[in-house]
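Everything on this sheet refers to the single structure shown next.
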């Protein structure tokens, strides 16, 4: 597995490179956001590790640029631990957020979990219909793409997985804890922020502006479900 680390602290880069090499990962690193985007464009990566505070281009700008062309898992590694920073990072398309200082054991577990999710969810059994439909939304599970009418909707990996879960079980109401457990593949510890941010961004992409939500309905006091009569 090949990883890209975009981090301006050389000591952290070299430490992670040595550690991850022992775990059978190949890690390339660059020291600023602009170089990170250039390196990302040169070869395929299975996951990107990204600091927020960097020269030339900061981490938020890098995430936005990556999400214009790719759904590769992105993990933020940052000393900034406020809810606002986490919301912004996840809202722009990051899949995970780990606050410095962190343990190598937790970092490794999260890297493996994010890569596992991104690869296993893309596998479709041969007999399964690769299309999910709801109203004028069409999901192609094999191509990991979404159309609304004739318009291509660009979704991040987690936005795609949330929508896929709701469209696969149109009559089921999912609590935030269930969504987090199924999409993040991790124990829910009461942090509603990650789910709220991704639901909000997903709605902004698939719903019609200035109208009430049609595709993702809030079931007050419980969670979310696919809209009815689509």
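Remarks
- Helix axis angle, 104-120 relative to the chain longest principal axis, alpha carbon, degrees: 40
- Calculated FRET value between residue 108 and residue 200, using beta carbons and R₀ = 30 Å, to 0.05: 0.45
- Fewest-first ranking of 60, 1, using other Cβ atoms within 10 Å as the exposure measure: 1, 60
- Using only alpha-carbon positions in the chain, the gyration tensor eigenvalues give semi-axes of 31, 18, 17 Å once each is multiplied by 5 and square-rooted (largest first).
- Against the chain, whose longest principal axis is taken from its Cα atoms, helix 10-22 shows a tilt of about 70°.
- Full-extension gain in nm, residue 116 to residue 138, via 0.36 nm per residue minus C-alpha separation: 5.4 nm
- Neighbour-count ranking [beta-carbon atoms within 10 angstrom, fewest first] of 95, 81: 81, 95
- Directionally averaged projected area (region 131-226, Cα convex hull): 6.1 nm².
- Relative to one another, the C-alpha centroids of region 1-40 and region 193-218 are positioned 34 Å apart.
- Residue order, fewest to most surrounding Cβ atoms within 10 angstrom, among 83, 28: 83, 28
- Among 100, 158, 211: highest mean-square fluctuation, GNM of the chain, C-alpha pairs under 10 Å: 211
- For region 2-120: relative contact order, % (alpha-carbon pairs under 8 angstrom, 6 or more apart): 22
- Relative to the dominant Cα principal axis of the chain, helix 157-168 is inclined by about 20°.
- Whole-percent P(r), region 2-120, all Cα pairs, 10 Å bins from 0: 14, 53, 32, 2.
- Across the chain, C-alpha contacts under 8 Å between residues 6 or more apart give a mean separation that, scaled by the residue count, equals a relative contact order of 13 percent.
Read-outs: derived from the displayed coordinates by stated rules, not from any lab. All values reported here derive from a predicted model rather than from experimental measurement. Positions of Cβ are generated from backbone atoms using ideal geometry, with glycine treated the same way; all protein chains shown enter the neighbour counts.
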